[in-house]
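**Student:** Take this structure, written in structure tokens, and hold onto it; I'll ask about it next.
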Amino acid sequence: MQKLVVNPINKKSVINPEIYGHFSEHLGRCIYEGLYVGENSDIPNINGIRTDVVEALKAMKIPVLRWPGGCFADEYHWKDGIGPKENRKKMINTHWGGVVEDNSFGTHEFMELCNQLGCKAYINGNVGSGTVQEMSEWVEYLTFSGLSPMTELRKENGRTEPWTVDYFGVGNENWGCGGNMTPEHYANEYRRYATYCRNYDSNQKLYKVACGPNADDYSWTESVMKTLQPLDGHGGERLNGLSLHYYTVPGKEWDHKGSATQFDKAEYYLTLKKALKMEELISRHGDIMNQYDPEKTVGLIVDEWGTWYDVEPGTNPGFLYQQNTMRDALVASVTLNIFHKHSDRVKMANIAQLVNVLQAVILTEGEKMVLTPTYYVFKMFQGHQGAQLIDSFMETEEIGTGGNTVPNLHESASIQEDGTINLSVSNLSSDTSYEVDSIIVETEVKEVKAEILSGATDAYNTFDRPEQIKAECYDNYEVTGKGIRFTIPACSIVQFTVKTK
Ligand code: AHR
């Protein structure tokens, strides 16, 4: 019997809903086909945006969406994507498959998508190949309500009122595809670009995100934090967030990242072990940030994370299309648990990417749509959004094969304003179920609802069999005087919603 202790007395940081954020890049079939099919499509849509996908994402409670990249952001020129569609400039998407981008999905279409989803907008500006003026004018076009050349242009294009943009990224991966800069050079560029990203209206305050490190590049974090000295608060160029990108790639070589669906036990545990590295990355980057920002006013924004495998056989290698199994669901669950536990520093995270790319929550094929195991994790965990982290401690044992060991169980807990407790528990074992005896300290459990996602490690949904894996009601538990005793099957995720009042 494994012991689990949850202590709701000790309320900690608020889990920002944006930790459940997503990312949509002009890459493969994410934007075109996945989200946007155009007004003349036979696929049901509103203003060109797929209705089935919007409904599914609303049910999952998507809080924020990042766009237009990724690497694409640093070669995107926003003025090419506004005005009459027939006049929009075509470009080559040099990063992703060399396909022609016709710019039919631009600023107005993205803001319409966010409006239909009811989510916040996170726009990523171009530092690598754009100008300060271009970025400044984009912010003006998006958010200014007064009289100016950009607001006139916006009105000509059919939009009178400004939009609300909550988050703005000043470049993406500027250590790589965003211009191959050194950290000091980038940080100085950040000051210059961010200065001219104005807060035009009193109700509009941009949360500016600087390009942070790739995985364990601690020296990037050190240099950028040092150069930007967030405590000095340099007026317009003040830093609100620093990004972190980390992908879980099981293969040793980039050309052999591993299959999304065909893997043995060793690769399964290796993948989970690599996903759990997020804990160390956040702690160590957080330690560096603490030196310059002990009050934790700067958020760590994990705006790209998830699994990255070889593309599905026969698909365009530049489109990054991969299937999604129970292994991915476990990666999502442990990563979200880690974000909860670091919600004092992690203020937003965006899994890559929303539809048809990398660890997607939705896959589409023509008019068909399928929800992936990862989708169900986001849906089951939605009670954590905006709740307060509470202490939880799980007795675990190391399991795995070869050198690839991981804890058998993984958990996190939070409490909502009305006293409802959310408890998420994952069983990482591929073949063993466990009995867990949980104690919820000084709490009278009034009512419990539970859901489970489970299946073989390599089980997934297809367009022909879309409901192989889905969240189901779970009743293999018993409410004890002190908490809940339950049996958690191998390779599964259980979500408890506990009413205490
Ligand atoms: O998500 C795919 C790519 O991964 C993004 O464009 C880039 O930022 C990262 O390297």
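**Student:** When Gly383 is evaluated against the numbered criteria (1) more than 21 Å from Tyr247 (Cβ to Cβ); (2) among the small types (Gly, Ala, Ser); (3) not in a helix (DSSP H, G or I), which criterion, by number, is the only one it fails?
**Tutor:** (3)
**Student:** With respect to Arg192, is the statement that it is away from the ligand (no atom under 16 Å from the Cβ), in contact (Cβ under 8 Å) with a residue 60 or more places away in the chain and out of contact with any strand residue (DSSP E or B) (no Cβ under 7 Å at 6 or more places or on another chain) true? Give the steps one after another, and end with the answer.
**Tutor:** Numbers: away from the ligand (no atom under 16 Å from the Cβ): yes; in contact (Cβ under 8 Å) with a residue 60 or more places away in the chain: yes; out of contact with any strand residue (DSSP E or B) (no Cβ under 7 Å at 6 or more places or on another chain): yes.
Judged against the criteria, Arg192 is a match.
**Student:** Now for a separate question. Any idea which residue in region 88-104 is surrounded by the fewest Cβ atoms within 10 Å (Cβ to Cβ), counting only those that are assigned to a loop (DSSP other than H, G, I, E, B) and away from the ligand (no atom under 16 Å from the Cβ)?
**Tutor:** Let us first name the residues in region 88-104 that are assigned to a loop (DSSP other than H, G, I, E, B), namely 88-90, 93-99, 102-104.
Still in the running and away from the ligand (no atom under 16 Å from the Cβ): 88-90, 102-104.
Details: Arg88: 18, Lys89: 12, Lys90: 10, Asp102: 15, Asn103: 22, Ser104: 16.
Per the criteria, the residue is Lys90.
**Student:** Anything in region 238-273 that is open to solvent by 60 Å² or more (accessible area, probe 1.4 Å) and of a type outside the set (Phe, Trp, Tyr)? List them, or say none. Full working, then the answer.
**Tutor:** Applying the first criterion (open to solvent by 60 Å² or more (accessible area, probe 1.4 Å)) to region 238-273 yields 238, 252-256, 262, 264-265, 273.
The answer is Arg238, Lys252, Glu253, Asp255, His256, Gln262, Asp264, Lys265, Lys273.
**Student:** So, in region 71-81, how many residues would count as being in a loop (DSSP other than H, G, I, E, B) and open to solvent by 20 Å² or more (accessible area, probe 1.4 Å)?
**Tutor:** Just the residues of region 71-81 that are in a loop (DSSP other than H, G, I, E, B), to begin with: 76-77.
So of that shortlist, the ones also open to solvent by 20 Å² or more (accessible area, probe 1.4 Å) come out as 77.
Of the residues in that region, 1 qualify.
**Student:** Out of region 299-319, which residues are over 14 Å from Thr335 (Cβ atoms) and either modelled with pLDDT under 95 or polar (S, T, N, Q) (or both)?
**Tutor:** Start the filter on region 299-319 by keeping residues that are over 14 Å from Thr335 (Cβ atoms), which leaves 299, 301, 309-319.
Of everything in region 299-319, those that are over 14 Å from Thr335 (Cβ atoms) and either modelled with pLDDT under 95 or polar (S, T, N, Q) (or both) turn out to be Thr315, Asn316.
**Student:** Look through Asp328, Asp287 and report the one residue that is buried (at least 24 other Cβ atoms within 10 Å of the Cβ) and either of a type in the set (Ser, Thr, Tyr) or on the phi < 0 side of the Ramachandran plot (or both). Can you show your working first?
**Tutor:** Values: Asp287 fails: buried (at least 24 other Cβ atoms within 10 Å of the Cβ).
Just one listed residue meets the conditions, Asp328.
**Student:** Further question on the same structure: Hey, can you tell me all the residues within region 351-369 that are within 22 Å of Gly318 (Cβ to Cβ) and either open to solvent by 10 Å² or more (accessible area, probe 1.4 Å) or more than 15 Å from the ligand (Cβ to nearest atom) (or both)? Reasoning before the result, please.
**Tutor:** Quick first cut of region 351-369, residues within 22 Å of Gly318 (Cβ to Cβ) only: 351-366.
Ile362, Leu363, Thr364, Glu365, Gly366 - these are the residues of region 351-369 that are within 22 Å of Gly318 (Cβ to Cβ) and either open to solvent by 10 Å² or more (accessible area, probe 1.4 Å) or more than 15 Å from the ligand (Cβ to nearest atom) (or both).
Let's see how each residue does on (1) more than 17 Å from the chain's Cα centre (by Cα); (2) more than 16 Å from the ligand (Cβ to nearest atom):
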{"site": "Asn16", "(1), (2)": "no, yes"}
{"site": "Tyr20", "(1), (2)": "no, yes"}
{"site": "Ile49", "(1), (2)": "yes, yes"}
{"site": "Leu57", "(1), (2)": "no, yes"}
{"site": "Arg66", "(1), (2)": "no, no"}
{"site": "Pro84", "(1), (2)": "yes, yes"}
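**Student:** Any idea which of Tyr186, Tyr141 is in contact (Cβ under 8 Å) with a residue 24 or more places away in the chain and farther than 30 Å from Leu276 by Cβ? Even if it seems obvious, please write down each step before you answer.
**Tutor:** Numbers: Tyr186 fails: farther than 30 Å from Leu276 by Cβ.
The unique qualifying residue is Tyr141.
**Student:** Quick check on region 412-427: of everything there that is touching a residue at least 40 places away in the same chain (Cβ under 8 Å) and open to solvent by 10 Å² or more (accessible area, probe 1.4 Å), which residue is farthest from Ile15 (Cα to Cα)? Let's see the steps before the verdict.
**Tutor:** If we filter region 412-427 for residues that are touching a residue at least 40 places away in the same chain (Cβ under 8 Å), which is where we start, we get 412-415, 418-427.
Subset that is open to solvent by 10 Å² or more (accessible area, probe 1.4 Å): 415, 418.
Values: Ile415: 10, Asp418: 15 Å.
The extreme case among them is Asp418.
**Student:** Working only within region 44-61, note down all residues that are open to solvent by 10 Å² or more (accessible area, probe 1.4 Å) and in a loop (DSSP other than H, G, I, E, B).
**Tutor:** Answer for region 44-61, where residues must be open to solvent by 10 Å² or more (accessible area, probe 1.4 Å) and in a loop (DSSP other than H, G, I, E, B): Pro44, Asn47, Lys61.
**Student:** Considering only region 405-455, state which residues are closer than 29 Å to Asn324 by Cβ and among the basic types (Lys, Arg).
**Tutor:** Residue satisfying the conditions is Lys449 alone.
**Student:** Looking only at region 312-326, count every residue that is aliphatic (A, V, I, L, M) and either in a loop (DSSP other than H, G, I, E, B) or without any contact (Cβ under 8 Å) to a residue 12 or more places away in the chain (or both) and tell me the total.
**Tutor:** Going through region 312-326, the residues aliphatic (A, V, I, L, M) turn out to be 320, 326.
If we keep only those that are either in a loop (DSSP other than H, G, I, E, B) or without any contact (Cβ under 8 Å) to a residue 12 or more places away in the chain (or both) as well, we get 320.
Residues in region 312-326 being aliphatic (A, V, I, L, M) and either in a loop (DSSP other than H, G, I, E, B) or without any contact (Cβ under 8 Å) to a residue 12 or more places away in the chain (or both): 1 in total.
**Student:** Another one. Which of the residues belonging to region 421-454 are over 16 Å from Val494 (Cβ atoms) and hydroxyl-bearing (Ser, Thr, Tyr)?
**Tutor:** So the first thing to find is which residues in region 421-454 are over 16 Å from Val494 (Cβ atoms), and the list is 430-431, 439, 441-444, 446-447.
Matches in region 421-454: Ser430, Thr443.
**Student:** Which residues, taken from region 276-311, are within 16 Å of the ligand (Cβ to nearest atom) and in a strand (DSSP E or B)?
**Tutor:** Within region 276-311, Ile301, Val302, Asp303, Glu304, Trp305, Gly306, Thr307 meet the criteria.
**Student:** Restricting the first residue to region 362-374 and requiring it to be acidic (Asp, Glu), which pairs with a second residue that is at pLDDT 95 or above and open to solvent by 10 Å² or more (accessible area, probe 1.4 Å) meet a Cβ separation below 7 Å and a spacing of at least six or different chains?
**Tutor:** Filtered contacts from region 362-374: Glu365/Phe463; Glu367/Ile43.
**Student:** Check off (1) among the β-branched types (Val, Ile, Thr); (2) crowded, with 19+ Cβ neighbours inside 10 Å; (3) farther than 30 Å from Gly318 by Cα for Thr396 and give me the number that stays unchecked.
**Tutor:** (2)
**Student:** Need the failing condition index for Ile469 against (1) open to solvent by 20 Å² or more (accessible area, probe 1.4 Å); (2) modelled with pLDDT of 95 or more; (3) outside any strand (DSSP E or B); (4) among the β-branched types (Val, Ile, Thr), just the number.
**Tutor:** Tallying (1) open to solvent by 20 Å² or more (accessible area, probe 1.4 Å); (2) modelled with pLDDT of 95 or more; (3) outside any strand (DSSP E or B); (4) among the β-branched types (Val, Ile, Thr), Ile469 fails exactly one: (1).
**Student:** Looking at region 307-325, which of its residues are in contact with a helix residue (DSSP H, G or I) (Cβ under 7 Å, 6 or more places away or on another chain) and surrounded by fewer than 24 Cβ atoms within 10 Å (Cβ to Cβ)? Break it down into steps so the answer makes sense when it comes.
**Tutor:** Of the residues in region 307-325, the ones in contact with a helix residue (DSSP H, G or I) (Cβ under 7 Å, 6 or more places away or on another chain) are 307, 311, 324-325.
If the condition is that a residue be in contact with a helix residue (DSSP H, G or I) (Cβ under 7 Å, 6 or more places away or on another chain) and surrounded by fewer than 24 Cβ atoms within 10 Å (Cβ to Cβ), then Val311 is the only one that fits.
**Student:** Criterion first (more than 15 Å from the ligand (Cβ to nearest atom) and under 25 Å from Ser492 (Cβ atoms)) does Gly314 satisfy it? I'd like the intermediate steps shown before the answer.
**Tutor:** Values: more than 15 Å from the ligand (Cβ to nearest atom): yes; under 25 Å from Ser492 (Cβ atoms): no.
No, not satisfied.
**Student:** For the condition of a type in the set (A, V, I, L, M, F, W, C), open to solvent by less than 20 Å² (accessible area, probe 1.4 Å) and farther than 23 Å from Ile362 by Cα, what is the one hit in Val436, Val445, Val479, Val441?
**Tutor:** On the way: Val445 fails: open to solvent by less than 20 Å² (accessible area, probe 1.4 Å); Val479 fails: open to solvent by less than 20 Å² (accessible area, probe 1.4 Å); Val441 fails: open to solvent by less than 20 Å² (accessible area, probe 1.4 Å).
Exactly one of Val436, Val445, Val479, Val441 is of a type in the set (A, V, I, L, M, F, W, C), open to solvent by less than 20 Å² (accessible area, probe 1.4 Å) and farther than 23 Å from Ile362 by Cα, namely Val436.
**Student:** Then there is this: Got a number for residues in region 327-349 being part of a strand (DSSP E or B) and either within 12 Å of Phe378 (Cα to Cα) or more than 14 Å from the ligand (Cβ to nearest atom) (or both)?
**Tutor:** Our first condition is that a residue be part of a strand (DSSP E or B); within region 327-349, this holds for 346-349.
Still in the running and either within 12 Å of Phe378 (Cα to Cα) or more than 14 Å from the ligand (Cβ to nearest atom) (or both): 346-348.
Here the count works out to 3.
**Student:** A further question on this structure: In region 120-170, which residues are of a type in the set (A, V, I, L, M, F, W, C), more than 17 Å from Asp201 (Cβ to Cβ) and open to solvent by 20 Å² or more (accessible area, probe 1.4 Å)? Even if it seems obvious, please write down each step before you answer.
**Tutor:** Looking only at region 120-170, we keep the residues that are of a type in the set (A, V, I, L, M, F, W, C), and these are 121, 123, 127, 132, 135, 138-139, 142, 144, 147, 150, 153, 163, 165, 168, 170.
Then drop every residue that is not more than 17 Å from Asp201 (Cβ to Cβ), which leaves 127, 132, 135, 153, 170.
The answer is Val132, Leu153.
The values are calculated or read from the model by the stated rules, or taken from the named source; none is laboratory data. Note that the structure is a prediction, hence the values are computed from the model and not measured. Virtual Cβ from ideal backbone geometry, glycine too; neighbours counted across all protein chains shown. With ligands, DNA and RNA removed, areas are computed over all heavy atoms of the protein, side chains included. Shrake-Rupley method; radii C 1.70, N 1.55, O 1.52, S 1.80 Å.
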